[in-house]
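The structure appears right after this line, and notes come after that.
The values are calculated or read from the model by the stated rules, or taken from the named source; none is laboratory data. Just so it is clear, the structure is predicted and the values come from calculations on it, not from any experiment. So basically every Cβ, Gly included, is an ideal-geometry build from the backbone, and we count neighbours across all protein chains shown. These accessible areas exclude ligands, DNA and RNA; they are computed on the full protein's heavy atoms, side chains included. Shrake-Rupley method; radii C 1.70, N 1.55, O 1.52, S 1.80 Å.
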Amino acid sequence: MDKRFSLFIVVVLGSVAAMLGIPGLRAFLLGFARPEPSRIVASETGSLTGSLSQRLQSGNLERLKQTRKCPRCNLSGVDFSGLDLSRVDLREANLTAAKFDNTKLINAQLTRSNLTDASLQSANLQGADLQGAVLNRTNFRNAQMMHATLEKADLQQATLTGAEMRAANLTDSQMERANLRQTSLYGALLSRANLAIADLSDSDLRYANFLDANLQGANLSNAQLEFAIMPNGSTYQGTVPY
């Protein structure tokens, strides 16, 4: 039946119902004539979806699935745990509070992405590019980050306990108050990095380059520093010259 004809019938019946004093029938018919509003559906995590921003996010997820590229996308709060996202392109994406626990992000492009409060526990980020990324309070506990690029990244108060960061590039990074306890930074580049009040205790810092880095108040107890280059350019000789 033609939609316009159906609407005409409904309106006519509603008018007749009003004249006959049947308000309930009129309300029902007029309600039937209105388009149904967008439904809000509960996701598996219990959160509500259906708003414009959430529908856009759903579209971004589909785009990422189909192309493995979604630069500048809003994917905040999404759970990617356990997925293989190797070589994915998420440059400048909003990934705040997202979950990447046990996720493969090998050689992923995360340049200038925002991962504030995100969780990447035991994630594999070998060779990943996080240059200029915002990583405030991000959890990288036990993550694999060998040869990762974190140049000029903001890692203030980030958790990197037990992370493997051998030969990672952390030049000019902000790591104030970061937790790097028992972290491997063997041969890592940390020139001009801000490590003020960071916890580097029990870490492997052998052959690391701290030239012009800020180590004021950093905890280096029981850290391995053999052959490391200190902030003043000297090789470690048993003490840390600030």
Among the residues of segment 100-115, are any more than 15 Å from Ala148 (Cβ to Cβ) and open to solvent by less than 20 Å² (accessible area, probe 1.4 Å)?
no
What residue, of Ser203, Ser184, Ser221, is over 27 Å from the mean Cα position of the chain (by Cα) and either over 20 Å from Asn136 (Cα atoms) or crowded, with 19+ Cβ neighbours inside 10 Å (or both)?
Ser221
All positions within segment 123-135 that are buried (at least 19 other Cβ atoms within 10 Å of the Cβ) and part of a loop (DSSP other than H, G, I, E, B)
Ala123, Leu125, Gln126, Ala128, Leu130, Gln131, Gly132, Ala133, Leu135
Considering segment 70-96 alone, what residues qualify as being within 22 Å of Asn142 (Cβ to Cβ), among the small types (Gly, Ala, Ser) and in contact with a strand residue (DSSP E or B) (Cβ under 8 Å, 6 or more places away or on another chain)?
Ser81, Ser86
Would you please list the contacts, defined by Cβ atoms under 7 Å and residues six or more apart or on different chains, that run from a residue in segment 57-73 that is part of a helix (DSSP H, G or I) to a residue that is open to solvent by 70 Å² or more (accessible area, probe 1.4 Å) and modelled with pLDDT of 90 or more?
none
Would you confirm, using the coordinates I've provided, whether Asp89 is of a type outside the set (A, V, I, L, M), open to solvent by less than 60 Å² (accessible area, probe 1.4 Å) and at pLDDT 75 or above?
yes
Could you tell me which of the residues Leu211, Leu190 is crowded, with 23+ Cβ neighbours inside 10 Å and either touching a strand residue (DSSP E or B) at 6+ places or on another chain (Cβ under 7 Å) or among the polar types (S, T, N, Q) (or both)?
Leu190
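State yes or no: is Ala196 modelled with pLDDT of 95 or more, out of contact with any strand residue (DSSP E or B) (no Cβ under 6 Å at 6 or more places or on another chain) and not basic (Lys, Arg)?
No.
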In segment 168-181, how many are more than 18 Å from Ser221 (Cα to Cα), in contact with a strand residue (DSSP E or B) (Cβ under 8 Å, 6 or more places away or on another chain) and part of a loop (DSSP other than H, G, I, E, B)?
4
Any idea which of (1) closer than 17 Å to Leu110 by Cα; (2) touching a His at 6+ places or on another chain (Cβ under 6 Å) is the one Ala143 doesn't satisfy?
(2)
